[in-house]
């Protein structure tokens with residue numbers, strides 16, 4: 001099979017069979033692209049994962065773009081990325097046409113009442129797992145706690161401050177601290 | 001115009017969604033509520049559906065919101081918008097800026113962003129649970145059924161790995177909560 005359809009189909013298969021996204025997809029991508037197709041090496045796979053963690057967007061999409069580009073430039077990147085998105089796009093599009101009607105059925109509405117509670121717990125769990133993995137140093141902890149309190153207040157009082165504003169503020173503080181430290185360092189070195 | 005709003009709204013989500021699938025949920029919630037596209041309640045249903053279907057949660061939610069607001073073209077617009085920033089950034093890094101992520105200034109920005117996102121995700125989870133249990137904050141009324149269900153589901157989800165040495169998957173928890181919802185809200 002020529003490479004473009006192969007990229008598209010391989011990533012479409014990964015997109016179709018991974019639930020929950022994120023790290024579940026990494027394992028499948030590794031299996032397909034490193035073990036079976038040998039499109040990238042294991043070390044490259046590690047590199048992508050690191051890059052993916054520092055760039056926005058779903059890790060699966062970052063991986064697809066990376067592998068596709070390595071194999072066949074822009075066309076390859078596009079084929080792999082469209083491939084990984086397309087299956088869930090079709091599934092969700094169909095569900096979205098019917099969900100409103102589904103919710104008028106009493107027992108399904110009751111089921112979703114229960115599911116609402118589970119969603120809160122899952123988000124909480126994701127945050128707890130991230131806190132466990134994060135560096136327990138004063139600066140990240142302070143930023144995390146300040147952001148938590150700020151966001152909770154924004155939610156409770158329905159303030160018109162977006163989470164993006166908070167993120168930009170945190171980034172600005174961190175950058176300012178780094179620059180301030182650097183200039184202090186240079187002054188000390190100059191004397 | 002709705003297509004332009006979807007495009008800009010989801011470009012913002014795609015551009016700031018550091019921190020994996022759950023990092024995007026507070027952003028999507030912001031965008032969707034500020035445009036008044038969908039209620040908070042419907043949004044949690046969408047999160048559950050996105051979690052229970054294949055593919056990255058962020059992409060699923062973009063497709064869903066786009067479709068609910070402007071049909072097929074809306075779904076296409078929102079999905080493309082949410083994917084585009086990460087697609088472009090990876091290409092940029094591969095072609096031009098192999099060392100970009102090692103730059104100390106970029107590192108400083110990321111050091112601020114990452115803990116902030118964790119705080120935002122934590123706040124979103126806490127707020128969703130509180131909202132379910134005590135209603136709106138301007139008019140507090142405790143819903144005992146929701147409090148008990150939250151306690152039981154949390155005990156099952158966080159307790160099971162300790163007892164059975166086997167974690168319950170997110171889809172597993174959604175399945176159990178759906179069954180509990182049918183029994184509790186339907187029969188009682």
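The values are calculated or read from the model by the stated rules, or taken from the named source; none is laboratory data. In this text, all values refer to a predicted model and were calculated from it rather than measured experimentally. Note that each Cβ is placed from the backbone with ideal geometry, even for glycine, and that neighbours are counted across all protein chains shown.
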- prompt: Which residues, counting only those in the range B:135-188, are in a helix (DSSP H, G or I), within 7 Å of chain A (Cβ to nearest Cβ) and surrounded by fewer than 17 Cβ atoms within 10 Å (Cβ to Cβ)?
  reply: B:171, B:186
Which numbered condition residue A:157 misses (of (1) modelled with pLDDT of 80 or more; (2) touching a helix residue (DSSP H, G or I) at 6+ places or on another chain (Cβ under 9 Å)): (2)
- request: Starting from the range B:34-54, keep only residues that are surrounded by fewer than 21 Cβ atoms within 10 Å (Cβ to Cβ), then list their pairs with residues that are part of a loop (DSSP other than H, G, I, E, B) whose Cβ atoms are within a distance under 6 Å, requiring at least 6 positions of separation or different chains.
  value: B:54/A:18
query: How many of the residues making up the range B:155-173 are under 19 Å from residue A:131 (Cβ atoms) and touching a residue at least 40 places away in the same chain (Cβ under 8 Å)?
result: 1
- request: Out of A:98, A:93, A:112, report the one residue that is out of contact with any strand residue (DSSP E or B) (no Cβ under 9 Å at 6 or more places or on another chain), at the interface with chain B (Cβ under 7 Å from one of its Cβ atoms) and more than 17 Å from residue B:175 (Cα to Cα).
  value: A:93
message: Of everything in the range A:126-153, what is modelled with pLDDT under 85, surrounded by fewer than 18 Cβ atoms within 10 Å (Cβ to Cβ) and at the interface with chain B (Cβ under 8 Å from one of its Cβ atoms)? Give them in sequence order.
response: A:134
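Residues are listed down the side, and each one gets a yes or a no for (1) at the interface with chain A (Cβ under 7 Å from one of its Cβ atoms); (2) part of a helix (DSSP H, G or I); (3) buried (at least 22 other Cβ atoms within 10 Å of the Cβ):
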{"site": "B:70", "(1), (2), (3)": "no, yes, no"}
{"site": "B:90", "(1), (2), (3)": "yes, yes, yes"}
{"site": "B:105", "(1), (2), (3)": "yes, yes, no"}
{"site": "B:115", "(1), (2), (3)": "yes, yes, yes"}
{"site": "B:118", "(1), (2), (3)": "yes, yes, yes"}
{"site": "B:121", "(1), (2), (3)": "yes, yes, yes"}
{"site": "B:126", "(1), (2), (3)": "yes, yes, no"}
message: Conditions first: (1) more than 10 Å from every other protein chain (Cβ to nearest Cβ); (2) under 23 Å from the mean Cα position of the chain (by Cα). Residue A:82 passes all but one, so which condition is the exception?
response: (1)
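A quick yes/no check of all residues on (1) in contact (Cβ under 8 Å) with a residue 60 or more places away in the chain; (2) farther than 18 Å from residue B:40 by Cα:
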| residue | (1), (2) |
| --- | --- |
| B:109 | no, yes |
| B:116 | no, yes |
| B:123 | yes, no |
| B:131 | yes, no |
| B:134 | no, no |
| B:138 | no, no |
| B:146 | no, no |
| B:153 | no, yes |
query: Looking only at the range A:77-105, which residues are in contact (Cβ under 8 Å) with a residue 60 or more places away in the chain and crowded, with 23+ Cβ neighbours inside 10 Å?
result: A:79, A:80, A:81, A:83, A:84, A:85, A:88
All positions within the range B:55-68 that are surrounded by 22 or more Cβ atoms within 10 Å (Cβ to Cβ) and part of a helix (DSSP H, G or I): B:57, B:58, B:59, B:60, B:61, B:62, B:63, B:64, B:65, B:66, B:67
